[in-house]
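The values are calculated or read from the model by the stated rules, or taken from the named source; none is laboratory data. Predicted, not measured: the structure shown is a model, and the values here were computed from it. Cβ atoms come from the backbone with ideal geometry, glycine included; neighbour counts cover every protein chain shown. Ligands, DNA and RNA are excluded from the accessible area calculation, which covers all protein heavy atoms including side chains. Shrake-Rupley method; radii C 1.70, N 1.55, O 1.52, S 1.80 Å.
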Amino acid sequence: MDTKRKIAKVAVALFVKKGIAATTTRDIAAAADIAEGTIYRHYAGKEALAEEIYRSNYLALHQELDQIRHAAPDAKAALTGMVRRFYTGFDEHPDLVTYMLIALHGQMVSLPPKARTTSMIMRDVLRQGMKAGSFRKMDADLAAQIALGIILQPAKAVHSGDYRIPLTPIVPEIVAAICRALAP
């Protein structure tokens with residue numbers, strides 16, 4: 001693993017565990033087994049590191065989610081693909097997904113002004129399902145928050161130690177729960 005990726009990986013783990021404010025560049029350097037100055041060869045500082053990790057991973061994830069949404073034949077297939085992507089990502093990189101989607105640390109301000117959020121993409125999928133009669137007609141933003149709550153709560157429970165990994169096998173149950181919650 002190259003040094004820049006190593007720095008990012010250990011920084012994410014520390015940001016999730018301690019928070020960005022409580023994590024120092026000294027902490028990151030020690031965890032990465034590098035000199036503290038090495039961080040500054042790759043990043044302008046801790047805040048720039050936090051923003052770059054968040055922005056690049058969040059935007060890449062949302063590009064994938066939009067591709068899943070557009071490639072799916074219907075809203076339920078899109079929902080299934082999106083949940084599978086969330087859970088596969090969490091199973092493979094729990095700290096990174098926690099950093100992007102669960103830990104509240106204000107990094108969304110680092111996104112470009114027109115960046116699509118998880119809520120927006122979910123809203124579009126559910127709106128499509130409402131038009132097709134798969135989901136009841138309701139405020140699409142509220143429906144997106146209900147669906148995201150159902151999706152993210154098991155990941156939060158894994159993060160806190162209250163649930164098991166992996167999450168990918170429960171994708172069908174999660175999609176069924178969302179469909180029941182939003183049934184016509």
Revision key, fill the gap. Exactly one of 141, 95 is farther than 22 Å from residue 19 by Cβ and acidic (Asp, Glu), and that one is 141
Exercise for review: Taking the options 180, 136, name whichever one is basic (Lys, Arg) and in contact with a Leu (Cβ under 8 Å, 6 or more places away or on another chain).
Suggested key: 136
**Study point:** Enumerated helices (runs of 4 or more DSSP H) restricted to the range 6-78, each holding at least 3 residues that are among the acidic types (Asp, Glu) and under 30 Å from residue 178 (Cβ atoms)
**Key:** none
**Study point:** the range 148-169 residues that are on the phi < 0 side of the Ramachandran plot and β-branched (Val, Ile, Thr), paired with ones that are open to solvent by less than 60 Å² (accessible area, probe 1.4 Å) and part of a loop (DSSP other than H, G, I, E, B) (beta carbon under 8 Å, 6 or more apart)
**Key:** 158/167
Revision key, fill the gap. Log entry, pairs with first residue in the range 19-33 being of a type in the set (Val, Ile, Thr), second being in a loop (DSSP other than H, G, I, E, B) and open to solvent by less than 60 Å² (accessible area, probe 1.4 Å), beta carbons closer than 6 Å, six or more apart or on different chains, reads 20/105
Study note, to complete from the structure: Of the residues in the range 30-69, those that are within 22 Å of residue 80 (Cβ to Cβ) and open to solvent by 20 Å² or more (accessible area, probe 1.4 Å) number 7
